[in-house]
Structure formats: structure tokens, C-alpha cells
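Please treat every number below as a calculation from the coordinates, not as lab data. Quantities reported herein were computed from a predicted structural model and do not represent experimental measurements.
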Amino acid sequence: MSNKREKTNLGGFTQLRFIIAIILIIAAGLKTYQLATAPIPPPVQGSIFTPLLVILSKRWLLMIIVELEILFALILFSGILRQLTWFISLLCFTSFSIISIIKGLSGESSCGCFGVVAVNPWITVLMDLIIVILLIVFSEPIKINFKLSLSIRKKINVGLTDLVISSDSSFDSNELLKTTILYNIRNRIYWSRW
């Protein structure tokens, strides 16, 4: 059952990463068009977030964001580093939703995500949160290959056995021998799974 769930998740992220890449390419293209043809509108004044919004509306920062969106979209299209791209997608769209919330609370009429195309920040919050939820639903299973060599496992086993023996001196010798043997058998079974 979990194997079926893993395949569903992998397939879901495969489709979702193409959607995310297309959204990033469209956003980067529209921002590039705005940077080339129109002035960047100044942020709404009088908000506690105004200093942050001033920084986010700098032309040089928008050019960097466009380049990063295009680069990340190409990585998503290629399908390499799936776990890392899943994690970066989650961080990216969580950040986008936070920035859109800030712009919405500040009274901005457009989030600026799509350049000259004015989109209400609350609509982009909704879109970003839907993508975040889909990313969580179609999460990539994280596989960590953690293998210890036999010599390290034996050293850990001996060290843990010594710890058990030295920690309780009330054992009689037969009980101590039995406990040590059972402990080693259990550890051998445990370590064989690694």
C-alpha cells in the first residue's frame, strides 16, 4: 500500500513540477517585459511593510528574481534532483505566498508577480497556497542511504554491550551472560537492516 502511495506521489510531483515550471516561465516572461518596457510602480506608502516593499521593487532585484525563476523552471523541466527541487519549490511558493500576504495587507493593487498583468495579491496568495498544499500532498519520499561498515557496527555493538554490563552490577554471572547474548542477537538483527 505504501509502495502504491509512493508511486502516486512521484507521479503527482512529476505533473506538478511541469505546472510550477510553466507558472515560473510565464511570471519571468511578464516581469521581463515590464522591466524592458514600463516603469516599476512604487509601493504603497504608509504601511509597516513599506521598507520591505521598496527593496522588493528594486529593478536589480527583479532582474535577479527573473533569472532565478527561469533557471529553476529549467531545472524543474529537466527532472534532475527531484527531492531538492521539491523542497525548493515548497520554500519558493511559501515565500511567494508570504510576500503576497504582505502586499495584500499593505493595500497594493497588484502583487507584481506577473509584471504588467495586474493580479490582486489575495488571488496570488490563494494560488500559491494551493501549490504549497499540492506540494505537501505530492511530497517526495526522502531516501537517506545510511550504511555503516561492519567494523563500525561491531565497535558500536561492543561499546553498547560494555555500557550495559557496566551500568548495572547487580546481575549475577548467568543473568549477565544471558542478557549480553540476547542484546547482541537483537543488535545483530537491528544492524542487519541497515
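Applying the Kirkwood pairwise sum to the alpha-carbon positions of the range 85-141 produces a hydrodynamic radius of 11.6 angstrom.
When the alpha carbon coordinates of the range 2-137 are projected onto the principal axes, the ranges are 53, 28, 20 Å, largest first.
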